[in-house]
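What follows draws every value from the coordinates through simple rules; no lab data is involved. All figures in this text were calculated on a predicted structure; none of them were measured in a lab. Note that we place each Cβ from the backbone using ideal geometry, even for glycine, and neighbour counts take in every protein chain shown.
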Amino acid sequence: MSSTVHERPVKPAVFHILLALASGDLHGLGIAGEVDEATSGAMRLGPGTLYRSLKEMVEVGLIKDVPAPAEDDDPRRRYYAITEEGGAVLQIEVARFENIVRVAQRKNVLPGTA
Amino acid sequence: MSRLPERLPEQPGPGERLYRALLLLYPRRFRSDFGPAMIDLFHVRRWQYLSEGGSFVALRFWTFVLRDLVGTALPERFGPLAARLFGSGEGEGEGAPRALATKTRGLGMESMWGDVRYAIRRLVRTPGFSALAILIVALGIGVNSAMFSVLNAALFRPLPVGIRMALGAGRSQVIGMVLSEVMSVVGVGAVIGLGLAWAATRGLGGLLYGVSTTDPVTFVGVVVVLGAVAFLATLVPARRAARANPVTALRYD
């Protein structure tokens, strides 16, 4: 499945969830907060978008369910962790953006650079 | 770690009740897996919108919620089916949503949504076809409600024959009277319907498969079948009504 997954850019929601999980395992609400923060509130994942993305990402193996850390006392919370596959996809995506930024810099589209 | 409040005060107002009801759009499995967590996030989002304020904040919030809901509940529930229904596949050029949908299955959580958008685009581009489609759906709904009101009238309410029977009309007279009344209504309806159908044939040409638009067998067949249904639907309750005690029937008139 890997090659087909990587053919197209992943959905913005999927990308941001992967990015949020890159720094550690989180539960759904935590991911939402992390994405809010990373995008300064520009990307606000709705409940359906967030949890449906999580479900499908678990199904295709980009992320996985993990047991909650000991300090979390809310048994309802499900924690997610990024998988190797997910990390690879994230890297490809970030590299894609990096490439775009480099081209933009060369063309002086990016403010504050020359 | 984030600027989301960890726990929000419980406030099961009408908003949450509405959202809980809307969650029924998702398949049961999805709901039981994620429902409570989704309601939590719903509260967080609502709190965010409200604290930012601004004009029409409720409207903007619910637009956000409904878009999120429709965009995920429908593909979650109808994903594969919708792809089959909306994916044209017939080499439609730029759209080709089905090929994309298969390639990105799994991550393409919005593939069905894309199909819907594609369908809407096509509808907007061909207003004549859209009008016809809407008309057909409306007629379908109308036919359904008509059928059920006829059913209701025929099966659950005694026919208004008591007064005639009390005045001395015989069984066969009553049945004949009811039948002729109903059948004349059916006849008028059939004539109007045939006229409309004939008028619609111009637009229908491209949509039908294996039937010419003015196929006489179809026209006659439809009239005969519907007439027979109406006849039976009238005869049965009419016979029953004619058998009833006039005094009982009178009470319902």
Within 10 Å of each Cβ in B:38-50, the average number of Cβ atoms from other chains: 4
Helix A:84-106 sits off the longest principal axis of the Cα atoms of chain A, rounded to the nearest 10 on a 0 to 90 degree scale, by 20 degrees
Here the whole-number average of other chain Cβ atoms within 10 Å per Cβ of B:27-36 is 2
Chain A, relative contact order in percent, only Cα pairs under 8 angstrom and at least six apart counted: 28 percent
Report, as an integer, the average count of C-beta atoms from other chains found within 10 Å of each Cβ along B:72-78. 3
Expected sort for B:Trp62, B:Trp198 with the fewest Cβ neighbours (10 Å cutoff) up front is B:Trp198, B:Trp62
Could you pull out every residue, at least 5 positions away or on a different chain, whose amide H is within less than 5 Å of the one on A:Val66? Hs are placed 1.01 Å off N in the peptide plane, and Pro or chain starts have none. A:Tyr79, A:Tyr80, A:Ala81
Residues B:Val44, B:Val70, B:Val224, A:Val14 in order from fewest to most other beta-carbon atoms within 10 Å are B:Val224, B:Val70, B:Val44, A:Val14
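At a 10 Å Cβ-Cβ cut-off, how would you order B:Tyr26, B:Tyr49, fewest neighbours first?
B:Tyr49, B:Tyr26
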Backbone HN-Hα couplings from phi across the stretch B:118-129 [Karplus 6.51/-1.76/1.60, Hz, Gly and Pro as x]: 4, 5, 5, 4, 5, 5, 5, 6, 10, x, x, 4
Dipole magnitude of the stretch A:2-87 about its Cα centre, charges +1 at Lys/Arg Cβ and -1 at Asp/Glu Cβ only, in debye to the nearest 20? 380 debye
Rounded, prolate or oblate: which fits the stretch A:37-114, taking a ≥ b ≥ c as square roots of the Cα gyration tensor eigenvalues, rounded meaning a/c under 1.5, else prolate when a/b beats b/c? prolate
Residues with beta-carbon under 13 Å from that of B:Gly53, excluding B:Gly53: net charge, scoring Lys, Arg +1 and Asp, Glu -1? +1
